[in-house]
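The values are calculated or read from the model by the stated rules, or taken from the named source; none is laboratory data. All values derive from a computational prediction rather than experimental measurement. We place every Cβ from the backbone using ideal geometry, glycine too, and count neighbours over all the protein chains shown. To get the accessible areas, we keep the full protein, side chains included, count just its heavy atoms, and leave off ligands, DNA and RNA. Shrake-Rupley method; radii C 1.70, N 1.55, O 1.52, S 1.80 Å.
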Amino acid sequence: MSLVSGPIFQICWVVEDLEAAEQWFTDTLGVPHWMRVPNVVFGPEHATYRGEPADFVIDVALGYFGEQQVELIRPVSGPSLYTEHLQTSGPGLHHVAWVPEDFDAALEQARAQGLTVTQSGTFPGTGMEFAYLDGTAGGAPHVELLRLSPDMVALFDSVRHPG
């Protein structure tokens, strides 16, 4: 059984300058608009980083190329996969994400296949869960699994199809 199926839900870049990255994606690739979520706090009560309680803050921007979600993440403070990425690779492609039909089963299967969960948690106040899997053995960026709450599905739909 394949760990993921269906289309990629999200493609994410880690950036140093959120506004400049939004402008580039708009001007160059035609992302028509962005929804910004500043100062998202991931604390030890709802996130882990490399198996330990997490404590970091990020700014997020979401947009769409047609039906494809694009995420931009700018680390603000604290150690995370995003700060690691900037330190080791600079700005660039960070992860691809899927929304498995059964998040728990996919996560269990990933662990059974020996994949390490490098960062995980719940997006504050949304009920959306995430787990990053280390994809370096295959030469891939991180793979993210998402569990979307009905509220997040509605929010993403409103960003994709505003008005």
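A few points about this structure:
- Within the stretch 124-157, considering residues that are in contact with a strand residue (DSSP E or B) (Cβ under 7 Å, 6 or more places away or on another chain) and either modelled with pLDDT under 95 or not in a strand (DSSP E or B) (or both), the one surrounded by the fewest Cβ atoms within 10 Å (Cβ to Cβ): PRO124
- Helices (runs of 4 or more DSSP H) fully within the stretch 1-120 that include at least 1 residues being open to solvent by less than 40 Å² (accessible area, probe 1.4 Å) and farther than 23 Å from VAL159 by Cα: 81-89, 103-112.
- Some residue of the stretch 115-123 being closer than 22 Å to ASP55 by Cβ, out of contact with any Gly (no Cβ under 9 Å at 6 or more places or on another chain), of a type outside the set (Gly, Ala, Ser) and without any contact (Cβ under 8 Å) to a residue 40 or more places away in the chain: no
- Among the residues of this structure, VAL70 counts as one that is in contact (Cβ under 8 Å) with a residue 24 or more places away in the chain and of a type in the set (Val, Ile, Thr).
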